[in-house]
């Protein structure tokens, strides 16, 4: 399943793979192709989930404990008052749309990769937005947002994206 996901797109109906599992597999693979500042990464990669989402905790919990970059992936469900300081990846649910600007600013200050499946997430300043096109899950990358967070995204991942927003292709909010 993971090889199909990292190949650039995956159909939600392929072999009865549920859409949420495909999205979770994408998030897991993102952890493999992002480089955090050396002083930010520890013995684990913490994936923090903020808000309520159909994807949310249950699908992402399935990748808890897997290894990416020789680090264990740890899933954390955040409360609204929790800080993002120990998060390496922050999955922001669509339920948090009204606070997305504030959350992105905080996450970028903490050098966290921001990911969401809410509409136009990469255009709003998130690093990676999961997008459904032609019944397939794809992703858009906002390279400017990743750079603002001090992250380096592998060219291998960039080559698979639906769209890359960068200095030559700025998003229009």
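We did not get these values from a lab; they are worked out from the coordinates using the rules stated. Every value quoted in this text rests on a predicted model; they were computed, and no experiment measured them. Reconstructed Cβ throughout: ideal geometry from the backbone, glycine too, with neighbour counts over all protein chains shown.
Hey, if you drop one equal point scatterer on each alpha-carbon of the stretch 2-165 and run the Debye formula without solvent, what base-10 log of I(q)/I(0) do you get at q = 0.09, 0.13, 0.16 Å⁻¹?
Treating every Cα as an identical point scatterer, log10 I(q)/I(0) equals -0.24, -0.53, -0.83.
Among the DSSP beta bridges whose two residues both lie in the stretch 2-165, what percent are antiparallel, rounded to the nearest 5?
On the way: 12 of 31 bridges.
Antiparallel: roughly 40 percent of the beta bridges in the stretch 2-165.
How much FRET efficiency would the formula 1/(1 + (r/R0)^6) give for residue 169 and residue 99, where r is the Cβ-Cβ distance and R0 is 25 Å, rounded to 0.05? Numbers along the way, then the final one.
Details: r = 26 Å, r/R0 = 1.06.
Once the sixth-power term is evaluated, E becomes 0.40.
Based on the alpha carbons, how large is the Rg to Rh ratio for the stretch 63-108 when Rh follows Kirkwood?
Numbers: Rg = 12.1 Å, Rh = 12.0 Å.
Dividing the radius of gyration by the Kirkwood radius yields 1.00.
Using Cα pairs under 8 angstrom and six or more residues apart, how large is the relative contact order of the chain, in percent? Write out the running numbers ahead of the final one.
Working: 332 pairs, mean separation 37.8, N = 173.
Reported as a whole number, the value is 22 percent.
So if I take the centroid of the Cα atoms in the stretch 105-173 and the same for the stretch 86-100, what is the distance between those two points in Å?
13 Å
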